[in-house]
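Undergrad: Supplied in structure tokens, the structure appears directly below.
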Amino acid sequence: MNDVQPAALHRTIEPAARSSEPGPLDGPQRHSQRSVVIAVLLFCLTFLSTTFVGAQNSGIEHAPLWQGLHYSIPLMAILLAHELGHYIAARLHRVHASPPFFIPLPMPPLGTMGAVILMPGRIARRNALLDIGAAGPLAGMAVALPVLIYGLSTSPVLPMPPGATYLMEGRSLLYLALLALIKGPIPTGSDIVLNAAAFAGWAGLMVTMINLIPAAQLDGGHVAYALFGERQERYSRWLRRALLPVAAIVSLAYGIPELLAGKHGDALEAGFAPGMPWLMWSLVLRLMVGRSRREHPQTDESTLSPGRRAVAWGTLLLFVLLFMPAWMRTVVGDGG
């Protein structure tokens, strides 16, 4: 559970998909002074917006701005590690890539819509595609996991007041395993109240899950195409289409029990809302594909080395471990 101010309860902000259009393989990268200045400015604005949201979500009335640093510093470290993973891998493979452009959004719950790296061409080599696609999520997880472990270990488990309304974080297999390992069995009627570091670490897991959806030109789509080649065209199309029934199943799974319990108004609306992010992302991925008949640009006909194949399978397995049926949901108590 995340202890947030009421203003945050009915908003779910999903990080934007990173532009992963591949770039050419020849020549050194030179960024214009303008692009570097814009990247630095956006980073500073995003740091400010996440600090502002962190202060809002601190649970302290009229909290000073610096209070949000407990959230913004670990979150920005996770996002920056993710983007630098992509960027450094692109540099090593001599693929043209812009510096990361962060997207500030001074609204709860996250304070940002992620970041964008622009790659103007296509990645011709399959090994490069795998390295660039996997480097971001793996680098981000290398920072997110210790942040989350520290946050969970310092977050209290408290009884939930009857009729309380609060924001429930999505719970993946990996998150549940860490929670059980660190906190042990949680008594019925109680829950963990995430502190700022824990929420930042959890947000890192959610961002990584979204980017690892193995479809189109998301990071997971890059990894899957590097592994499966042209077969991924079919797999990606199937997965995109499957997001619609996933959205319906998730909404019904949470909404029907609320309906049967006699809930109405905000409580019933909140019950059916958790499937909406999957619906939104089915539309986002459709727009990413556009009018093209291709899910992903072609690469060469080479095969991955055994080591890279292991990395690819491990990265796709990470998506399974991070999968959250409901990313966030508002729990409205009987008295809410």
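The values are calculated or read from the model by the stated rules, or taken from the named source; none is laboratory data. Quick caveat: nothing in here was measured; it's all calculated off a predicted structure. Methodologically, a virtual Cβ is constructed for each residue, glycine included, from the backbone with ideal geometry; neighbour enumeration extends over all protein chains shown.
Undergrad: Scan the range 281-300 for residues that are at negative phi and without any contact (Cβ under 8 Å) to a residue 24 or more places away in the chain and jot them down. I'd like the intermediate steps shown before the answer.
TA: First, the residues of the range 281-300 that are at negative phi: 281-289, 291-300.
If the condition is that a residue be at negative phi and without any contact (Cβ under 8 Å) to a residue 24 or more places away in the chain, then 283, 287, 291, 292, 293 are the ones that fit.
Undergrad: Out of (1) among the aliphatic types (A, V, I, L, M); (2) over 23 Å from residue 142 (Cα atoms); (3) touching an Asp or Glu at 6+ places or on another chain (Cβ under 7 Å), what's the single condition that is false for residue 244?
TA: Answer for residue 244: the failing condition is (3).
Undergrad: In this structure, does residue 278 turn out to be without any contact (Cβ under 8 Å) to a residue 40 or more places away in the chain, closer than 26 Å to residue 138 by Cα and either acidic (Asp, Glu) or surrounded by 14 or more Cβ atoms within 10 Å (Cβ to Cβ) (or both)?
TA: Numbers: without any contact (Cβ under 8 Å) to a residue 40 or more places away in the chain: yes; closer than 26 Å to residue 138 by Cα: yes; either acidic (Asp, Glu) or surrounded by 14 or more Cβ atoms within 10 Å (Cβ to Cβ) (or both): yes.
Answer is yes for this residue.
Undergrad: Here are some conditions: (1) at pLDDT 95 or above; (2) in contact with a strand residue (DSSP E or B) (Cβ under 7 Å, 6 or more places away or on another chain). Residue 116 meets all but one. Which one does it not meet?
TA: Single failed check for residue 116: (1).
Undergrad: On the given criteria, is residue 166 out of contact with any Ser or Thr (no Cβ under 6 Å at 6 or more places or on another chain), under 30 Å from residue 265 (Cα atoms), of a type outside the set (A, V, I, L, M, F, W, C) and not in a loop (DSSP other than H, G, I, E, B)?
TA: Working: out of contact with any Ser or Thr (no Cβ under 6 Å at 6 or more places or on another chain): yes; under 30 Å from residue 265 (Cα atoms): yes; of a type outside the set (A, V, I, L, M, F, W, C): yes; not in a loop (DSSP other than H, G, I, E, B): yes.
Spelling it out, residue 166 is indeed out of contact with any Ser or Thr (no Cβ under 6 Å at 6 or more places or on another chain), under 30 Å from residue 265 (Cα atoms), of a type outside the set (A, V, I, L, M, F, W, C) and not in a loop (DSSP other than H, G, I, E, B).
Undergrad: From (1) more than 16 Å from residue 238 (Cα to Cα); (2) out of contact with any His (no Cβ under 9 Å at 6 or more places or on another chain); (3) in contact (Cβ under 8 Å) with a residue 60 or more places away in the chain, pick out the condition that doesn't hold for residue 262.
TA: Condition (3) is where residue 262 drops out.
Undergrad: Right, here's the next one. Report, by residue number, each residue of the range 281-292 that is among the hydroxyl-bearing types (Ser, Thr, Tyr) and surrounded by fewer than 16 Cβ atoms within 10 Å (Cβ to Cβ). Before the answer, list the steps.
TA: Of the residues in the range 281-292, the ones among the hydroxyl-bearing types (Ser, Thr, Tyr) are 282, 292.
Within the range 281-292, just 292 meets the criteria.
Undergrad: Further question on the same structure: Could you look through the range 75-113, keep only residues that are assigned to a strand (DSSP E or B) and not aromatic (Phe, Trp, Tyr), and pick out the one that is surrounded by the fewest Cβ atoms within 10 Å (Cβ to Cβ)?
TA: Start the filter on the range 75-113 by keeping residues that are assigned to a strand (DSSP E or B), which leaves 101-104, 112-113.
Next, from what is left, pick out any that are not aromatic (Phe, Trp, Tyr): 103-104, 112-113.
Details: 103: 16, 104: 20, 112: 27, 113: 18.
Taking the candidates together, the pick is 103.
Undergrad: Continuing with the same structure: Just to be sure before I move on: is residue 172 polar (S, T, N, Q), surrounded by 24 or more Cβ atoms within 10 Å (Cβ to Cβ) and either in contact (Cβ under 8 Å) with a residue 24 or more places away in the chain or under 30 Å from residue 304 (Cβ atoms) (or both) in the structure I sent?
TA: no
Undergrad: What is the number of the single condition among (1) farther than 26 Å from residue 177 by Cα; (2) under 26 Å from the mean Cα position of the chain (by Cα) that residue 320 does not meet?
TA: For residue 320, the exception is condition (1).
Undergrad: Separate question: Looking only at the range 239-253, count how many residues are touching a residue at least 12 places away in the same chain (Cβ under 8 Å), farther than 15 Å from residue 295 by Cα and of a type outside the set (Ser, Thr, Tyr).
TA: Of the residues in that region, 9 qualify.
Undergrad: Checking residue 116 against (1) within 14 Å of the chain's Cα centre (by Cα); (2) crowded, with 20+ Cβ neighbours inside 10 Å, which test does it fail?
TA: Among (1) within 14 Å of the chain's Cα centre (by Cα); (2) crowded, with 20+ Cβ neighbours inside 10 Å, the lone unmet condition for residue 116 is (2).
Undergrad: Only residues that are closer than 16 Å to residue 228 by Cα, among the polar types (S, T, N, Q) and not in a helix (DSSP H, G or I): list them for the range 288-330, please.
TA: Quick first cut of the range 288-330, residues closer than 16 Å to residue 228 by Cα only: 294-317.
The next check asks that each one be among the polar types (S, T, N, Q); those that pass are 298-299, 302-303, 305, 315.
Passing the criteria: 298, 299, 302, 303, 305.
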